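Colleague: Dumping the structure here so I can ask a few things about it.
The values are calculated or read from the model by the stated rules, or taken from the named source; none is laboratory data. What you are looking at is a predicted structure, and each value in this text was computed from that prediction instead of being measured. Because the Cβ atoms are built from the backbone with ideal geometry, glycine has one as well, and the counts that use them run over all protein chains shown.
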Amino acid sequence: MVAGVAGPGGVFAAVVQWQAVHGRHGLPWQGSPDPYRVWLSEIMLQQTQVSTVSRYYPVFLARFPDVTALAQADVDEVLSLWSGLGYYSRARNLHQCAKRVVSDYAGAFPARSDVLARLPGIGPSTAAAIAAFCFGERTSIFDGNVKRVMARFLGFGEDLSGSAASQQLLALTQAMVPTDAAGSDMGVYTQGLMDLGATLCTRSRPACLACPLAEGCVARRTDQQAVLPLKTRRVKRQTLSLYLLVARKPDGSVGLERRPAEGIWASLWCFPEFSDRSLLSRLLGVLPMPSVTDWPVVRHALSHRELVLHPVVCEVAHNWEPPGSKHAGAWQWVAPGQPVQGGIPVPVRSLLAQLANGCTPPAL
């Protein structure tokens, strides 16, 4: 523990010293001042565990080594490499942002956080990370980990469900950065704050005795670690039940349609969905002697929604095509075990694997 944690200078020094010895090192995206690599890692790490990103990041980087390569790619290929990371709007924004950086900034990321924050998919916290890591800007990252660290350290008791309280905490967090802070130390400090929240100042069971800020932490002194940060308004989880038409030809190929550009799994390739079994039955009723099998229910959790998926496998003739104009230009047949040309959600990928193996998937 670093003694004398008081004021911006003390906090900054304590975090920098702690990170150098105890922080996380050796992650695939660390140690590079390239804004493209920092940006890519920050977007992937939103709502996604480090262990998961560590698998996806090198593969994505190998295919798209720089912002120009990403900008020139087809969005379906981007979504395909993103499949399994979830929150697919991040991938679409990533692609749009790359195009903007190439078209508006000649492929060089802006050096200022306020300019970066105006690009697609880059919010204030990601902009601050890029500016601090790559350009040494005196600006503080403000992701969930940092909010928790600072709310506890400062004893900030306002409800962070409201934007006004969040902006107030952001101002206090920024004030913790000394006026003369700049250069490489800003990157170390930024990484240190994130590491503190991820490894010590966790939501439950914070390791206060090992924290470099413990001496000045108000939450520790007043025993409010379990209370802070305060956030009373929670998004209510909803359950959505969907019936999936798995149309399968005699050669085993199955049909996928591209989902709309808005809503769940936007622009991904999925089995056609129906809100209830009767709607699906109407379609099945017009098929010539369909062989229909209801497979076990598959449950899939999204951030604020629980999906209950009912796969209905329908054996169709080799010349069958989906009825209705909504499928025009947005339909593909996928042979068993063959890659899909585009992004697919995790439960659809799992069902395709089961189909390729010739077995019925287990109920989840």
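Colleague: Is one or more of the residues making up the range 159-175 buried (at least 23 other Cβ atoms within 10 Å of the Cβ), in a helix (DSSP H, G or I) and not polar (S, T, N, Q)?
Modeller: Taking every residue of the range 159-175 in turn, none turns out to be buried (at least 23 other Cβ atoms within 10 Å of the Cβ), in a helix (DSSP H, G or I) and not polar (S, T, N, Q).
Colleague: Looking at this structure, is S51 at pLDDT below 95, assigned to a helix (DSSP H, G or I) and surrounded by fewer than 19 Cβ atoms within 10 Å (Cβ to Cβ)?
Modeller: Here the answer is yes, as S51 does meet what is asked.
Colleague: For the range 100-155, please list each of the helices (runs of 4 or more DSSP H) lying entirely inside it that holds at least 2 residues being surrounded by fewer than 19 Cβ atoms within 10 Å (Cβ to Cβ).
Modeller: Hits in the range 100-155: 113-116.
Colleague: Among the numbered conditions (1) crowded, with 21+ Cβ neighbours inside 10 Å; (2) at pLDDT 95 or above, tell me where V11 comes up short.
Modeller: The single condition V11 does not satisfy is (2).
Colleague: In the range 176-195, what residues are of a type outside the set (G, A, S) and part of a helix (DSSP H, G or I)?
Modeller: So in the range 176-195, the residues of a type outside the set (G, A, S) come out as 176-180, 185-186, 188-191, 193-195.
Residues satisfying the conditions are D185, M186, V188, Y189, T190, Q191, L193, M194, D195.
Colleague: Do we find that S41 is of a type in the set (S, T, Y), buried (at least 20 other Cβ atoms within 10 Å of the Cβ) and in a helix (DSSP H, G or I) in this structure?
Modeller: In short, yes.
Colleague: When the range 74-92 is examined, which residues are found to be part of a helix (DSSP H, G or I), of a type in the set (S, T, N, Q) and buried (at least 16 other Cβ atoms within 10 Å of the Cβ)?
Modeller: Hit for the range 74-92 is S80, nothing else.
Colleague: Regarding F60, is this residue more than 30 Å from C208 (Cβ to Cβ), in the same structural domain as D185 (by TED's automatic domain parsing) and within 18 Å of the chain's Cα centre (by Cα)?
Modeller: Working: more than 30 Å from C208 (Cβ to Cβ): yes; in the same structural domain as D185 (by TED's automatic domain parsing): yes; within 18 Å of the chain's Cα centre (by Cα): yes.
Considered against the rule, which asks whether it is more than 30 Å from C208 (Cβ to Cβ), in the same structural domain as D185 (by TED's automatic domain parsing) and within 18 Å of the chain's Cα centre (by Cα), F60 comes out as yes.
Colleague: Kindly indicate whether A226 is out of contact with any Asp or Glu (no Cβ under 6 Å at 6 or more places or on another chain) and not in a loop (DSSP other than H, G, I, E, B).
Modeller: Judged against the criteria, A226 is not a match.
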